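Shown next, in structure tokens, is the structure this report addresses.
The values are calculated or read from the model by the stated rules, or taken from the named source; none is laboratory data. Owing to the predicted nature of the structure, the values given are computational and were not obtained by experimental measurement. Every residue, glycine among them, receives a Cβ derived from its backbone with ideal geometry; neighbour counts consider all protein chains shown.
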């Protein structure tokens, strides 16, 4: 148990599992997230993202396995460990009865490494008055204020758990711009959890996909997107049995043309389609959003009519 | 911690201030209607209940809002230890209780002391402290209920129950409230941790929580017994509620008229005079001696066990006993001005014990009042406005009541019945001496009825000891008839053993359910309290079959406890400790084990999700 990042990893889990009764939230998760850059964690609802953060921050005991954050066993985080870890959740839970100045003063006294310039820089992007009550701030302003507080702590690791949830387009853009271009975020490892794929595509250097509590992917977003391909095939008769389609993530028939979203399929897939009677086959570019959605929805039950 | 306190105080300050104002107005209103400093214990209990509930609401709201997952992370994920954060929040809660509860009570007390002519004494300051501590206990109980796992979230109520039943008075009662607060504070600090609802990690914390939960479980078991008793009553076979109670039992004896009870006592008696006595009893009036006291008022009591005030209707003065001065203080009924203080005799000496009004003496003036203080009975003479001693019992005896019996006065003490000549009492104002002293053939706590009949050559006195016959503390019920002759010699006439109407299984239910918990709860109840002479019982030894039942139950519980401990608890020493706890404490320990140590979550080895990382 040490207080520094172990082997350069800010987060490490080994065989980490968490059950709620019969439900598996985290399933033997082995993950090691290196220090530096922005790591995005994506997954459908119930994938175990929030549970993972709670275990990592010591707010939930694991059923089995171990979790370390900044090299420290999550169960034994000390106040000085917590000082090095910033956390922003989707609700931006701040004391609504206090003014911005009062909350700022309190945080300043709590965090020894507090950076007032960093706070001023970030809060400068928002129209927030020091005398305003936190409860009177709009959701976007509260998110910005929360981000400013977290970055001013100068954390080594900043965990953002769906921070833009419920924000309008303008507030969301402002939040992301601040995160990406603020000097305060430099030198800080960011774990960014979101359902918004365009955000992930924009901010993430590393893409981590969780599904049903298990790790499904860890690579750069471009690398992941390159693994997913979208094929359009004109098959005059009935298409192949989906169970026989290699790497199938999603299948659709639009205007009599078959669309296949597949994983890890190269040119050999063209031959497969032609063997199934395709007269014309061509490949379309895939957005990260489409790739991740296809990847995550392959196991999901869908309505019979879909 | 200071920042957390300040932040939390900002959150509640306006609400607390508003409550304090309303509270102060209510107290002022009630104090206009009556003297709030001289209320019976039950009135203060009602206030304590209200303060405790207010505190609990604050604790529930405060911790209830913080314990939501994201709020909780936001609160605790900072470079401040959980304990310091907890102390900051709790200090804010305590400050809120001080402003909302303590300050209005102190303001009322100040008004009482300097704005009225009513009696204000140190015990009233203790009363203010008690109000504050009870509110804090309620607050901490509410906080614990929100922070702890829901299976034992109500454990804090154990400490509230302790305060409610504790026998200590005055500073002792406040001390108990302080201990309860400290205990609850430790419980809250144990529960206040990032991973809410998890079992305490350290053995000490686990033991601390487990003991509280075990007492709570024990009290619930006792309560379950009471619920079962309600079913017994509904069934119509409960001895105390049967229209025809079991013959020869103590319930039947208690329901008899004094004459029939006396005759029942004489039924088995033998002797030449007995037939004649039976005839005399059938023809004469049999007097039940009144027991006007079931509790002894103590100096410095927070509440009044009995009224400590009376009115002089001639002089229009209201006299109230002052515990500090041990004298009565007078206030004019006409204009509310002070009318000095009144003690014993011409020098207004202090009373030896707290004085309370008693029953009338034969020949006493119609506006006179008797006052009972410990072993002495005094007469307040309205004509002269002074207090004179009339009856003095031996030291360390307590007067429980007085009843005119023909031309005599029978005085019931905790150790004997005394008979005085009514003419002597009526003739002068000097202390009178008893004609007869009839020692009580039992303990005062067991005494249910004393019946007396005047004979040609003395008195027959029947003592019935059945007061706690339904409970394991009470003596095996019996009735004894004594004859005191003209010369004052006391002669036993007959003793009748009464049938136990309640089976031993029922009477000893609090004991066999957990002998250890019974002892612990009994001692906790009497902690810091002086031995009460009126609660002296001739408790019989515990029957062997009940001991065997308790032992068998402990054995079964130990076996089940060991099995559960081996399945749920990590570490050999912890398993052994739990098994021993089950064997020693019994059922409460077993239930606490199941509540505090949940089933282990199954290891995820059977997961269907076995695809490799891609």
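Couple of notes before you dig in:
- The test for being modelled with pLDDT of 85 or more, in contact with a strand residue (DSSP E or B) (Cβ under 9 Å, 6 or more places away or on another chain) and not assigned by TED's automatic domain parsing to the domain that holds residue A:154 does not hold for residue A:214.
- Residue match in region A:71-83 (condition: crowded, with 20+ Cβ neighbours inside 10 Å and away from chain B (no Cβ under 11 Å)): yes
- Those helices (runs of 4 or more DSSP H) of region B:405-517 in which 1 or more residues are farther than 30 Å from residue B:245 by Cα occupy B:422-427.
- Some residue of region A:142-153 being surrounded by fewer than 21 Cβ atoms within 10 Å (Cβ to Cβ), over 20 Å from the mean Cα position of the chain (by Cα) and either within 14 Å of another protein chain (Cβ to nearest Cβ) or in contact (Cβ under 8 Å) with a residue 12 or more places away in the chain (or both): no
- Residue in region A:124-133 that is under 28 Å from the mean Cα position of the chain (by Cα), closer than 22 Å to residue B:1 by Cβ, in the same structural domain as residue A:57 (by TED's automatic domain parsing) and crowded, with 16+ Cβ neighbours inside 10 Å present: no
- Strands (runs of 3 or more DSSP E) enclosed by region A:5-89 - at least 2 residues per element that are more than 27 Å from residue A:153 (Cβ to Cβ): A:9-20, A:23-34, A:64-69
- Residue satisfying all of: in region A:198-216; more than 9 Å from the chain's Cα centre (by Cα) and away from every other protein chain (no Cβ under 12 Å); farthest from residue A:38 (Cα to Cα) among these: A:198
- Subset of region B:191-209 (residues that are crowded, with 21+ Cβ neighbours inside 10 Å and in the same structural domain as residue B:140 (by TED's automatic domain parsing)): B:191, B:192, B:194
- Test: residue in region B:123-142 that is farther than 22 Å from residue B:23 by Cα and either touching a strand residue (DSSP E or B) at 6+ places or on another chain (Cβ under 7 Å) or at pLDDT 95 or above (or both): no
- Looking only at residues in region B:154-182 that are assigned to a helix (DSSP H, G or I) and under 10 Å from the mean Cα position of the chain (by Cα), the one that is surrounded by the fewest Cβ atoms within 10 Å (Cβ to Cβ) is B:165.
- Leading residue by the ranking (nearest to residue B:69 (Cα to Cα)) among those in region A:60-70 that are touching a helix residue (DSSP H, G or I) at 6+ places or on another chain (Cβ under 7 Å) and more than 7 Å from chain B (Cβ to nearest Cβ): A:62
- So residue A:29, is it within 12 Å of chain B (Cβ to nearest Cβ), more than 30 Å from residue A:136 (Cβ to Cβ) and in contact with a strand residue (DSSP E or B) (Cβ under 9 Å, 6 or more places away or on another chain): yes
- Looking only at residues of region A:1-26 that are modelled with pLDDT under 85 and touching a strand residue (DSSP E or B) at 6+ places or on another chain (Cβ under 9 Å), we find that the one that is nearest to the other protein chains (Cβ to nearest Cβ) is A:3.
- Being touching a helix residue (DSSP H, G or I) at 6+ places or on another chain (Cβ under 6 Å) and not assigned by TED's automatic domain parsing to the domain that holds residue B:168 holds for only one residue in B:522, B:579, B:539, and it is B:579.
- Only helices (runs of 4 or more DSSP H) whose full extent lies in region B:64-121 are considered here, and the ones with at least 2 residues that are more than 9 Å from every other protein chain (Cβ to nearest Cβ) are B:82-97, B:103-115.
- Exclusive hit being without any contact (Cβ under 8 Å) to a residue 12 or more places away in the chain, farther than 25 Å from residue A:47 by Cα and within 14 Å of chain B (Cβ to nearest Cβ), set A:156, A:186, A:102: A:102
- Failed item in (1) over 29 Å from the mean Cα position of the chain (by Cα); (2) at pLDDT 90 or above; (3) away from every other protein chain (no Cβ under 14 Å), with residue B:243 passing the rest: (2)
- Scope region A:84-99; condition buried (at least 20 other Cβ atoms within 10 Å of the Cβ), touching a strand residue (DSSP E or B) at 6+ places or on another chain (Cβ under 8 Å) and more than 23 Å from residue B:83 (Cβ to Cβ); matching residues: A:88, A:89
- The set of residues from region B:459-481 being out of contact with any helix residue (DSSP H, G or I) (no Cβ under 8 Å at 6 or more places or on another chain) and surrounded by 22 or more Cβ atoms within 10 Å (Cβ to Cβ) comprises B:459, B:461, B:463.
- Per-region count, region B:141-153, residues within 14 Å of another protein chain (Cβ to nearest Cβ) and surrounded by fewer than 18 Cβ atoms within 10 Å (Cβ to Cβ): 1
- One residue from B:329, B:341 being surrounded by fewer than 19 Cβ atoms within 10 Å (Cβ to Cβ) and either in contact (Cβ under 8 Å) with a residue 60 or more places away in the chain or closer than 15 Å to residue B:118 by Cβ (or both): B:341
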